[in-house]
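Notes follow once the structure below has been shown.
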Amino acid sequence: MNDLSWQNESLGARIRVALWLRDEIGEGGTFSKARIREAIKGTEQVDRRMRDLRPAGWVIQTYRDKPSLQPDQLYLERIGLPIWEAEHRAAGLRQISAKTRRFVYERDGHMCRRCGVAAGEEYADDPGAHARLTLGHVNPHRSGSGAHAEDLITECARCNETVKHLTGVQMTKEQVWDRLKELPVRGKRDLLAWMKVDHRPLSATEKAWGMYRQLPAAVREELEIDLEKLMRS
């Protein structure tokens with residue numbers, strides 16, 4: 001097998017994705033997310049590595065960019081830097097330091113800034129699926145966006161993928177508006193305040209919940225018992 005083949009599993013996922021797009025699709029080609037996921041196993045990783053090509057000059061459009069595409073289709077408009085070559089291997093990658101990562105998680109209360117779910121918490125609309133936190137960019141479509149704390153927000157993996165238009169279909173304005181109209185007056189007032197600052201302030205209880213969800217299950221059980229005792233005293 002050619003060492004620089006997308007089928008070479010010893011290569012990194014980002015390089016394999018780039019080689020697959022080069023060899024199997026080519027500029028001007030259309031492909032589905034299901035097809036690339038089938039070729040290179042590991043759905044979440046493949047989506048992430050495909051996004052990582054964009055800052056290196058690769059132009060991959062979705063149906064939001066190109067109306068003729070179906071929701072599950074992508075269009076390879078331009079092949080960017082050959083990141084399989086040693087001199088371009090790190091092109092477009094943004095390294096986030098452990099210190100910055102820890103600061104952002106703590107700043108955001110260990111909760112997804114987009115949907116509010118905490119680490120390991122079950123999604124209300126998807127029973128059995130539990131949230132995993134990651135870091136996303138405030139401006140996810142801006143090529144080369146930074147790796148500084150002010151450029152980053154805490155997101156669950158589901159929101160992280162949806163925001164970047166690589167998985168799922170976004171809700172429409174009308175669907176969201178119908179939900180907003182159902183809120184009580186206090187809810188509308190709070191939501192408007194969050195919209196104006198583009199931030200949902202966390203209460204002390206919510207912050208404590210986010211911290212609690214970071215702990216191992218055994219420790220969480222101990223804290224639950226301790227809190228019950230405290231409430232009875």
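Read the figures in this text as sums done on the coordinates, not as results from a lab. This structure is a prediction, so every number in the text was calculated from the model and none was measured. Cβ sites come from the backbone with ideal geometry, for glycine too, and all protein chains shown count toward neighbours.
Okay, here's what the table says:
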{"item": "Among LEU183, LEU191, LEU11: highest mean-square fluctuation, GNM of the chain, C-alpha pairs under 10 Å", "result": "LEU183"}
{"item": "From the C-alpha gyration tensor of segment 1-130, square roots of 5λ in Å", "result": "29, 20, 15"}
{"item": "Overall dimensions of the chain as given by Cα atoms, namely Rg and Dmax in Å", "result": "20.8, 70"}
{"item": "Net charge dipole size for the chain [Lys, Arg +1 and Asp, Glu -1 on Cβ; Debye, nearest 20]", "result": "620"}
{"item": "Cα-Cα over 32 Å, subset of LYS33/LYS173; LYS99/LYS188; LYS33/LYS196", "result": "LYS99/LYS188; LYS33/LYS196"}
{"item": "222 nm mean residue ellipticity, helices alone, for the chain (DSSP H n ≥ 4; -39,500 (n - 2.57); rounded to 500)", "result": "-11000 deg cm²/dmol"}
{"item": "Per-q log10 I(q)/I(0), segment 13-88, q = 0.13, 0.17 Å⁻¹ (Debye; single scatterer per alpha-carbon; no solvent)", "result": "-0.34, -0.58"}
{"item": "Choice from VAL176, VAL104, VAL138 showing the highest fluctuation, given a GNM over the chain with Cα pairs closer than 10 Å", "result": "VAL176"}
{"item": "Within a Gaussian network of the chain (alpha carbon springs, distance under 10 Å), most fluctuating of GLU85, GLU174, GLU106", "result": "GLU174"}
{"item": "Exposure proxy order (Cβ contacts within 10 Å, fewest to most) of THR134, THR205, THR154", "result": "THR205, THR134, THR154"}
{"item": "Karplus 3J(HN,Hα) series, Hz, for segment 186-198 with 6.51 cos²θ - 1.76 cosθ + 1.60 (x for Gly, Pro)", "result": "4, x, 4, 5, 5, 5, 4, 5, 5, 4, 5, 9, 6"}
{"item": "Computed label-point distance, nm, for sites ARG189 and VAL59 using a 7 Å Cα→Cβ extension", "result": "4.9"}
{"item": "Within segment 13-88: Cβ-based charge dipole about Cα centre, in debye rounded to nearest 20 (Lys, Arg +1; Asp, Glu -1)", "result": "220"}
